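Structure first, then comments.
FYI, it's all coordinate maths here, none of it is from the lab. Here the structure is a predicted model, which means the values were calculated and not measured. Ideal geometry is used to build each Cβ from the backbone, glycine not excepted, and the neighbour counts take in all protein chains shown.
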Amino acid sequence: MKKIVLRYGTYAALAELIFFVLTWFVIWLFKLGHQAQGNIGWVDLVCPLIFIYFGIRYYREKVNNGAITFLKALQIGLLISLMAAFAFALVETTYTIYIEPDFNANLMKYDLEQYKKTLSAVQYAAQVKAEQQRLAISNNPVYNFPIMVVTITAFGAIITLISGLFLFKKSAAPSAAAG
């Protein structure tokens, strides 16, 4: 199981890194707005986690003779998602803290513009205060890195649950006549 987790975890981690670079290249090339950037960002986060499914399926088909328990599928999937989560957290934290340190401030400014359109003055003032606190925390790599790990692992857990349900297959019970 260790080899499979390392293999598919590495695939997922590399895919997270490649998707991240491609996402920022596409955003830079096409000068996309914040809404489009956000949508592409979510795709960037989730798509590489497809390797969770492939890792569980590979274990079931090639290692365990076509059978896998739901708990074993969860174990494999969560370990694969952790590898992807650490890779993404590393690149995302490096990017937002060191390469583009204004990233979180620009995001906050955009969000506040949107809130100003829909919130009352009192609600807006409270939201400004909350966003400023979030910004102070988000610019701290000690906070940013674990939050990214938890976020990607949460997505990975959802994909693991779905994959486990689809791939769960009991081993064939030996028949009483075969003796």
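For the chain, the number of Lys pairs with C-alpha atoms closer than 21 Å, counting only pairs eight or more positions apart or on separate chains, is 15. When each of Ser81, Ser120 is scored by the number of other beta-carbon atoms lying within 10 Å, the sequence from fewest to most is Ser120, Ser81. The slack in the chain from Glu100 to Gln133, taken as 0.36 nm per residue of separation less the alpha-carbon distance, amounts to 9.9 nm. If R0 is 25 Å, the Cβ-Cβ spacing of Leu161 and Leu22 corresponds to a FRET efficiency of close to 0.35. From the largest down, the range 1-114 spans 55, 25, 24 angstrom on the principal axes of its Cα atoms. Packing, taken as the mean count of other beta carbons within 10 Å per residue, orders the peptides 55-65, 90-100 from highest to lowest as 55-65, 90-100.
Going 7 Å from the Cα of Lys117 in the Cα-to-Cβ direction, what parts of the range 11-50 have a backbone nitrogen less than 11 Å from that spot? 35, by backbone N distance to the label point.
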